[in-house]
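The values are calculated or read from the model by the stated rules, or taken from the named source; none is laboratory data. Just so we're clear, the structure is a prediction, and the values are computed from it rather than from any experiment. Cβ placement follows ideal geometry from the backbone for every residue including glycine, while neighbour counts extend to all protein chains displayed. The area values use the complete protein model at the heavy-atom level, side chains included, leaving out ligands, DNA and RNA. Shrake-Rupley method; radii C 1.70, N 1.55, O 1.52, S 1.80 Å.
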Amino acid sequence: MLNRPRRNRKHPAIRQMIEETVLRPSNLIYPLFVTNSDVEKEAIDSLPDLYRWNYNGLCREIEESINLGLRTFVLFPVIPDEFKDKTATYSYAESNFYLDIIHKLKTEFPGIVLMSDVAMDPYSSDGHDGFVQNGKILNDKTLPILGKMAVAQAQAGIDIIGPSDMMDGRVAFIREQLDINEMDEVSIMSYTAKYASAYYGPFRDALDSAPKAGDKKTYQMNPANKKEALREAELDEMEGADFLMVKPALCYLDVIHSLKEYSSLPIAAYNVSGEYAMLKAACQNGWLDYNTAMPEMLLSMRRAGADSILTYFAKDYARLHKDLK
Ligand code: PBG
């Protein structure tokens, strides 16, 4: 036999020498849920081992994460019902606790990078990412609200704006608003190919942000489509996005691969809440081994072409792979 691929697998040093894909903790973005509560941390039923943090809890969690080699965080606010309305005014209100927390974190931890989410859903009494009128999500009436939200977040100190709303033209609109307000250094990571997915369920539990009526299928993408992701990518590139994102990740590895081939922009993958929950549940039942199944899942996203991964596993992965930095 001339060809024996197993010879290249015979020794751990050889296996490592020819390893094609490396995932470092610095490639990861750690999503955190933020509250204005007096309680430091609150458990989330459908996301075992994850918490909603108040400012003090958040500081502790970020400090621990930094010590494990993580540097980039995406923050999602849990907005009390009394602050929600039809036009998400609280999202850019001066009294917004989330904006205050962003400012304080950037002062407390000057070395970190903070990313935000731009969409109306956490602030909207309708629970939709856009403005709702007569049961319809109105694209062009949503854009000015997203613009104000993005500018307020950038003013508070956010480094990367993450529009997750899937309205048409929002990247260009937000870019323009940021530039007019002299914030040309603030980046945009567009949720380019965001699918209407069942895997966001636990996230909506965490924020209590599920739509009050209908679903998100008129703005989020049909899971059956891949070409359409390229169309969204072309538009986001033209509109000035700095990074393109695919979301969810695990069921859409082919889309990550396509976007990586197509674009010269860095590609991010969002390993979403449902993907976390299903793996955690299997591991808690003893059906899968966490410390091997979890890195294998993340590696698949990196191998498919993701430069960075937003993942709730970030801390656990970093703990296992501190040596990679
Ligand atoms: C809000 C938003 C969602 C997620 C990130 N930003 C939920 C949604 O679109 O309904 C999901 C993240 C996750 O499931 O981990 N626009």
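Observations, loosely collected:
- Residue count for the range 255-268 under the criterion of being within 16 Å of the ligand (Cβ to nearest atom) and either open to solvent by 10 Å² or more (accessible area, probe 1.4 Å) or within 22 Å of Ser209 (Cα to Cα) (or both): the result is 0.
- For the range 161-190, a residue qualifies if it is open to solvent by less than 10 Å² (accessible area, probe 1.4 Å) and outside any loop (DSSP other than H, G, I, E, B), and the qualifying residues are Ile161, Pro163, Arg170, Val171, Ile174, Leu178, Ile188, Met189, Ser190.
- For the range 269-285, a tally of residues being open to solvent by 30 Å² or more (accessible area, probe 1.4 Å) and away from the ligand (no atom under 14 Å from the Cβ) returns 3.
- Check on Ile29, under 28 Å from Asp323 (Cα atoms), part of a strand (DSSP E or B) and among the β-branched types (Val, Ile, Thr): yes
- If you go through the range 119-132 and keep only what is surrounded by fewer than 24 Cβ atoms within 10 Å (Cβ to Cβ) and assigned to a strand (DSSP E or B), you end up with Phe131, Val132.
- Across the range 136-183, the qualifying residues are those that are touching a helix residue (DSSP H, G or I) at 6+ places or on another chain (Cβ under 7 Å) and among the acidic types (Asp, Glu), and the one among them that is nearest to the ligand (Cβ to nearest atom) is Asp165.
The rows are residues; the columns are (1) assigned to a loop (DSSP other than H, G, I, E, B); (2) within 18 Å of the chain's Cα centre (by Cα); (3) among the acidic types (Asp, Glu).
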residue: Met1; (1), (2), (3): yes, no, no
residue: Arg6; (1), (2), (3): no, no, no
residue: Arg15; (1), (2), (3): no, no, no
residue: Asn36; (1), (2), (3): yes, no, no
residue: Ser46; (1), (2), (3): yes, yes, no
residue: Ser65; (1), (2), (3): no, yes, no
residue: Gly69; (1), (2), (3): yes, no, no
residue: His103; (1), (2), (3): no, no, no
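- Whenever a residue of the range 203-230 is basic (Lys, Arg), its partners that are away from the ligand (no atom under 14 Å from the Cβ) and open to solvent by less than 50 Å² (accessible area, probe 1.4 Å), lying with C-beta atoms within less than 8 angstrom and at least six residues away or across chains, give the pairs Lys212/Ser125; Lys226/Val255; Lys226/Ser258.
- Scanning the range 105-118 for residues that are open to solvent by less than 10 Å² (accessible area, probe 1.4 Å) and outside any loop (DSSP other than H, G, I, E, B) yields Leu105, Leu114, Met115, Val118.
- When Ala93, Ala43 are checked against the criterion of being over 28 Å from Leu279 (Cβ atoms) and hydrophobic (A, V, I, L, M, F, W, C), Ala93 stands alone in meeting it.
- Taking the range 286-316 as the range and being assigned to a strand (DSSP E or B) and either open to solvent by 10 Å² or more (accessible area, probe 1.4 Å) or among the charged types (D, E, K, R) (or both) as the test, only Ser308 passes.
- Residues located in the range 221-254, provided they are open to solvent by less than 20 Å² (accessible area, probe 1.4 Å), touching a helix residue (DSSP H, G or I) at 6+ places or on another chain (Cβ under 7 Å) and either within 10 Å of the ligand (Cβ to nearest atom) or hydrophobic (A, V, I, L, M, F, W, C) (or both): Met221, Ala229, Ala233, Ala241, Leu244, Val246, Pro248, Ala249
- Applying a threshold of 6 Å to beta carbon distances and a minimum spacing of six or more residues, or different chains, the list of pairs starting in the range 283-310 at a residue that is free of Cβ contacts under 8 Å to residues at least 40 places away in the same chain and ending at one that is of a type outside the set (D, E, K, R) and buried (at least 18 other Cβ atoms within 10 Å of the Cβ) reads Met294/Phe313.
- When Ile180, Ile174 are checked against the criterion of being more than 19 Å from Asn96 (Cβ to Cβ) and without any contact (Cβ under 8 Å) to a residue 60 or more places away in the chain, a single residue qualifies: Ile180.
- Meets criteria (open to solvent by 10 Å² or more (accessible area, probe 1.4 Å), more than 12 Å from the ligand (Cβ to nearest atom) and within 20 Å of Leu146 (Cα to Cα)) for Thr218: yes
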